[in-house]
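Peer 1: To start, I am sharing the structure in question, which I have written as structure tokens.
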Amino acid sequence: MDLKVACVLSVILVIAVSTLASAVPTRCQCKMEPKERSNCGYPGITAEQCRKAGCCFNSSVPGVPWCFSPKAKKVRKVCPTDSHARINCGFPGITAKECERKGCCFRSHPAGVPWCFYHRVVEE
């Protein structure tokens with residue numbers, strides 16, 4: 001299999017796994033003022049059905065949606081510090097400028113690992 005194809009498939013796999021892992025909202029994503037809630041369910045939805053749909057549930061405040069959309073996760077891109085966790089984004093001999101133009105990280109050390117590599121996305 002071509003190296004570029006393997007890299008693209010790796011990125012797709014990482015995105016797919018992170019999407020599946022983010023189906024259930026975190027407690028932090030559900031903390032919001034009742035007036036900020038956006039309806040995510042239907043009349044009579046149970047807490048379990050609501051959460052399975054990837055939504056938040058809180059029935060303590062009458063007159064506002066009990067099943068509501070979570071806040072978006074705050075994420076940022078970082079360059080991996082573990083050189084063995086790098087996923088190649090370039091080609092042999094790529095310059096730092098060319099790599100950064102592609103939106104990737106560049107570190108010309110250590111030997112034997114990609115110097116141009118993809119960012120990692122982490123939640124804040």
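Read-outs throughout are calculated quantities, based only on the coordinates presented, and are distinct from any laboratory measurement. Please read these numbers as outputs of a predicted model, since none were measured by experiment. A quick note on method: Cβ atoms are made from the backbone with ideal geometry, for glycine too, and the neighbour counts reach across all protein chains shown.
Peer 1: Whose amide H sits under 5 Å from the amide H of residue 89, counting only residues 5 or more places off or on another chain, with H placed in the peptide plane?
Peer 2: Here 116, 117, 118 satisfy the definition.
Peer 1: I need the calculated FRET efficiency for the pair residue 38 and residue 121, taking r as the beta carbon distance and R₀ as 25 Å, to the nearest 0.05. List each step's numbers first, then the result.
Peer 2: Numbers: r = 24 Å, r/R0 = 0.97.
Taking R0 as 25 Å, the efficiency between residue 38 and residue 121 is 0.55.
Peer 1: Starting from the 7 Å offset along Cα-to-Cβ, what nm value, one decimal, do you get for the label separation of residue 53 and residue 109?
Peer 2: Those two pseudo-labels are separated by 5.5 nm.
Peer 1: Past 24 Å, Cα to Cα, is the threshold; run 31/73; 31/52; 77/102; 71/102; 31/74; 73/97 against it and keep the listed order.
Peer 2: Listed pairs above 24 Å: 71/102; 73/97.
Peer 1: Okay, next question. Using only the alpha-carbon atoms, what does the range 75-123 span along each of its principal axes? Please give whole angstrom values in decreasing order.
Peer 2: 32, 22, 12
Peer 1: Using 7 Å Cα-to-Cβ label points, what is the residue 72/residue 28 separation (nm, one decimal)?
Peer 2: 1.6
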